[in-house]
Amino acid sequence: MSFLRTEALSRSFGGLAAVAGVDLSVEPGEIRAIIGPNGAGKTTLVSLISGRVPPSSGRIEFDGDDITALKPWERVLRGIVYTFQITSIFRNLTLAENVMLAAQRAASRDQPLWRGLDDRAVTQAVDAALERVGLASRAQELAGELAYGHQRLLEVAMGLALRPKLLILDEPTQGLSEQEIADFCALVRSIAMDATILLIEHNMDVVMALAQRITVMNNGALLAEGTPDQIMNHAEVQRAYLGT
Ligand SMILES: Nc1ncnc2c1ncn2[C@@H]1O[C@H](COP(=O)(O)OP(=O)(O)OP(=O)(O)O)[C@@H](O)[C@H]1O
């Protein structure tokens, strides 16, 4: 049984089928990349999985349960964390305060993630999350002062504070330098030691370096799926996506 499974998952906006009949299966611990041209439906698909967008039809199973009807925050408590869910970075708060708030907002729903932790332990958990994304030394700076790419890393730290089982990263390397991208790849590998990762990414070097399997979307549907090698050599993918 798969860790995450969608069955005939669909979402239309008006007459447009943004996601159409998607059957996706992801195994625990996998790093799965989702690629495809602009408008292919990638963000809509992960928004359906996180609960941010309700489906028009279809079903989602996570960790053995049908979660199709669950609210986004109920999915967070089950361990599904989409970094865009917490995009609301507060620019006038410090990095540390942002991470703490992300955890508190999820926790305030009746099942505190950090119940039983004293202030010192919470501070340590916040520091650890910032440390993992390389922002620990800037914990006391205001989030608004970060460059765009670093704000994306702060979002990842906020996601890590929620203790994800499935972490959904939507174009996380946008705005990062080459060195920062290399560090980010190392971070994703370390996160994958105890979580499953869905990665929407346009940077093919990052996709090829990280993904064990790649799912290719086009026009709301799955066009292909396979290992990086299989996808690179897939004729239809080359036509639709790589433009060759
Ligand atoms: N809330 C919405 N209302 C109307 N149309 C939408 C909405 N969200 C997405 N769409 C449309 O659905 C289609 C798929 O969009 P989506 O953002 O999922 O694609 P994507 O593969 O993530 O694209 P990109 O790589 O550009 O982010 C697009 O045609 C988009 O315009």
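Of the options Met100, Thr123, Gln140, report the single residue whose Cα projects farthest towards the positive end of the charge dipole of the chain (beta-carbon charges: Lys, Arg +1; Asp, Glu -1).
The Cα lying farthest towards the positive end belongs to Met100.
Cα centroid distance between the stretch 143-190 and the stretch 1-37, in Å?
Value for the Cα centre distance between the two parts: 22 Å.
Considering amide H positions built from the backbone, and no H for Pro or chain starts, which residues 5 or more places from Ala224, or on another chain, come under 5 Å of its amide H?
The answer is Val216.
How large is the dipole of the chain about the Cα centre if only Lys and Arg carry +1 and Asp and Glu carry -1, each at its Cβ, rounded to the nearest 20 debye?
That gives a dipole near 540 debye.
Using 0.36 nm per residue of separation minus the Cα-Cα distance, give me the extension gain between Lys71 and Ser88 in nm, one decimal.
Length gained between Lys71 and Ser88: 4.3 nm.
Ranked highest first by average number of other Cβ atoms within 10 Å, how do 71-79, 96-104, 228-236 line up? Walk me through the intermediate numbers first.
Values: 71-79: 17.1, 96-104: 22.2, 228-236: 14.4.
Going from most to least packed, we get 96-104, 71-79, 228-236.
Please report Rg over Rh for the chain, where both radii come from the alpha carbon positions and Rh follows the Kirkwood definition.
0.97
Out of the DSSP beta bridges found with both residues in the stretch 146-227, what percent are antiparallel (nearest 5)?
50
Across the stretch 36-52, in residue order, what do the Karplus-derived ³J(HN,Hα) couplings come to in whole Hz, using 6.51 cos²θ - 1.76 cosθ + 1.60 with θ = phi - 60° and x for Gly and Pro?
Values per residue, Gly and Pro as x: x, x, 3, x, 5, x, 5, 5, 5, 4, 6, 5, 5, 5, 7, x, 5 Hz.
Hey, with R₀ at 25 Å, roughly what FRET efficiency would Leu16 and Arg52 work out to, going by the Cβ-Cβ distance, to 0.05?
Details: r = 18 Å, r/R0 = 0.71.
Once the sixth-power term is evaluated, E becomes 0.90.
In the chain, what % of DSSP beta bridges are antiparallel (nearest 5)?
55
Taking the Cβ of Ser137 as the centre, find all other residues whose Cβ is under 14 Å away and add up their charges (Lys, Arg: +1; Asp, Glu: -1).
After counting each charged neighbour, the total is -3.
Quote to one decimal, in nm, the extra length available between Gln104 and Asp205 on full extension: 0.36 nm per residue of separation minus the C-alpha distance between them.
Going from the current span to full extension adds 32.8 nm.
Over the chain, calculate the relative contact order: mean separation of alpha carbon pairs under 8 Å at least 6 apart, over the residue count, as a percent.
Values: 449 pairs, mean separation 65.4, N = 244.
Contact order relative to length: 27 percent.
Rule-based calculations on the coordinates, nothing more; no lab input. Bear in mind the structure is a predicted one, so any value in this text is a computation, not a measurement. Because the Cβ atoms are built from the backbone with ideal geometry, glycine has one as well, and the counts that use them run over all protein chains shown.
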